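Structure first, commentary second.
Any read-out appearing in this document is the output of simple, stated calculations on the displayed coordinates, not a laboratory observation. Computed from a prediction, not measured in an experiment: that's the story for all the values here. Virtual Cβ from ideal backbone geometry, glycine too; neighbours counted across all protein chains shown.
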Amino acid sequence: YWSELARPVALPRKGTPTVLVRATRTSPPYAGDGLINALNAHLGPDFTLLDWDCDHMVAQAKPAETAKLIREQLG
C-alpha cells in the first residue's frame with residue numbers, strides 16, 4: 001500500500017472489496033497498524049487482511065498463492 005509511504009492514507013471507496021496481503025517477515029512492516037485500522041474502520045466487512053509468512057516481495061515469494069488470490073478476486 002504505497003500511498004501510505006508518500007502521503008496521508010488514501011482509502012478505497014466504501015463498498016470496494018479490498019484484500020491486503022501483509023508479509024510477516026518484513027520489519028518494519030510496510031502496512032502499519034494505522035493503515036490496517038483505517039481500512040478496517042472505513043470498509044468494514046469489505047476489508048480482508050491476510051498475513052503471509054514471507055518477505056515483502058509477496059508475489060515472488062508466494063506465486064501460486066498470489067495467483068489463487070487474484071483468481072478468487074476476479075471471480
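Just a few scattered comments:
- Positive dipole terminus of the range 3-74, leading residue within 32, 58, 74 (C-beta point charges): 74
- In this structure, the amide hydrogen of residue 9, modeled 1.01 Å from its nitrogen in the peptide plane, lies closer than 5 angstrom to no residue at least 5 positions away or on a different chain.
- Within the chain, the trypsin sites (Lys or Arg not before Pro) that combine a DSSP coil assignment with at most 15 other C-beta atoms in a 10 angstrom radius are 13, 14, 25.
- Footprinting exposure proxy for 18, 48 (fewest neighbouring C-beta atoms within 10 Å first): 48, 18
- The range 46-75 residues near the modelled residue 25 label - backbone nitrogen below 13 Å, point 7 Å along Cα→Cβ: 52-63
- Orientation-averaged projected area, Cα convex hull of the chain (nm²): 5.1 nm²
- Computed extension gain for residue 11 through residue 48, at 0.36 nm per residue and net of the alpha carbon distance, reaches 11.9 nm.
- Whole-number percent relative contact order across the chain, with pairs defined as alpha carbons under 8 Å at least 6 apart: 33 percent
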